[in-house]
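> Supplied in structure tokens, the structure appears directly below.
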Amino acid sequence: MKLLENSATPSARRVAIFLNELGLEVEREHVDIKGAENRTPTFMEKAPNGLIPVLALDDGTWICESVAICRYFDAITPNDKALFGSTPLEQARVEMWQRILELQGVVPAFQAFRNLSGFFSDRENCIKAWGEESRQRLAQFLPVLDAQLGKCTWVAGEYFSIADITAWVLCGFLERLELAVDDSLPHLQRWHQQMAQRPSVQ
Ligand SMILES: N[C@@H](CCC(=O)N[C@@H](CS)C(=O)NCC(=O)O)C(=O)O
């Protein structure tokens, strides 16, 4: 199997950290997304979202969407990490925070970057006002995450999970949008320092 990715991107980073947590090594192939290698008919026939990362299995099956890829690796790797939660309640809380982080954090962050920078203007209309609104929505979400981390050690509770990986990757993207985990977000800062100690992110 082979992971088609671009290590400079947050979505590839999310899978890479997940693999590090599981202690897995996987063959990688670089995809030139700036050169739109991911938008060719051959790529898109196999990856309907036209995005990286993609996991190409030996039987020719492709799995796209970073969380789907992580789920696959988790399911095929005997481990006691419970990165998607262990009890029914934990699993629900991980899913809940994953959805909140995606919809209120990652999507606005990506929309802000894409629409403000025009990085992918060869393939989509970039609307500055939408970029600004998305950036604003992301800025409004950070205190919500801060408040959650004021209540528990990790994003979804007292256990580390994929939700922490998602939040970490999101925080790593803030600088590009001129946002920061600053002193107004003390719980997020505490968690950020804790995350930075994990070998999987280093
Ligand atoms: N929801 C997707 C998002 C993937 C995504 O946005 N990938 C970006 C890089 S972070 C990409 O491939 N961009 C190239 C393009 O838009 O053409 C996932 O989690 O895998």
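> If we count trypsin sites (Lys or Arg not before Pro) as exposed when they sit in a DSSP loop and have at most 13 other beta carbons within 10 Å, what is the longest stretch of the chain that avoids them all?
Longest run free of exposed loop sites: 35-122.
> Hydropathy first: keep DSSP H helices in the chain averaging at least -0.5 on Kyte-Doolittle, then drop any whose Cα extent along the axis falls short of 24 Å, and list what survives. Walk me through the numbers on the way to the answer.
Working: long enough: 128-149 (32 Å, -0.45).
Going by DSSP H runs, the hits are 128-149.
> Right, another one. Before anything else, pin down the relative contact order of region 2-76: Cα pairs under 8 Å, at least 6 apart, normalised by residue count, whole percent.
On the way: 102 pairs, mean separation 26.4, N = 75.
That works out to 35 percent.
> Rg and Dmax in Å for region 42-120, alpha carbons only: what are they?
15.5, 43
> Taking the Cα centre of the chain as the origin, how large is its charge dipole in debye, to the nearest 20, when only Lys and Arg (+1) and Asp and Glu (-1) carry charge on their Cβ atoms?
For this selection, approximately 340 debye.
> Normalise the Debye intensity by I(0) for region 88-201, one equal point scatterer per Cα, no solvent, then take log10 at q = 0.10, 0.23 Å⁻¹ and round to two decimals.
-0.30, -1.26
> For region 110-168, what is the Kirkwood estimate of the hydrodynamic radius, computed as the reciprocal of the mean inverse distance between distinct Cα atoms, to one decimal in Å?
On the way: mean 1/r = 0.0762 Å⁻¹.
So the Kirkwood estimate lands at 13.1 Å.
> Residue farthest toward the positive end of the dipole of the chain, with Cβ of Lys/Arg at +1 and Asp/Glu at -1: which of Trp97, Leu19, Ser117?
Of the options given, the answer is Ser117.
> So, one more: Just report the Cα centroid separation between region 179-196 and region 73-116, whole Å.
Region 179-196 and region 73-116 have Cα centres separated by 19 Å.
> Provide Rg over Rh for the chain; use the alpha carbon set for both Rg and the Kirkwood Rh (inverse mean inverse pair distance). Intermediate values should be presented prior to the final figure.
Working: Rg = 17.1 Å, Rh = 17.7 Å.
In the chain, Rg relative to Rh is 0.96.
> Give, as a single signed number, the net charge of other residues whose beta carbon lies under 15 Å from the beta carbon of Leu138, with Lys and Arg counted +1 and Asp and Glu -1.
-3
> Counting residues in region 1-83 as N, plug N into 2.2 N^0.38 Å and put the Cα Rg over that result.
The value comes to 1.06.
> Please check: in the Gaussian network model of the chain (C-alpha springs, under 10 Å), which one of Glu178, Glu21, Glu29 has the largest mean-square fluctuation.
Highest fluctuation of the listed residues: Glu178.
We did not get these values from a lab; they are worked out from the coordinates using the rules stated. Small disclaimer: the values here were computed from a predicted structure and weren't measured. Virtual Cβ from ideal backbone geometry, glycine too; neighbours counted across all protein chains shown.
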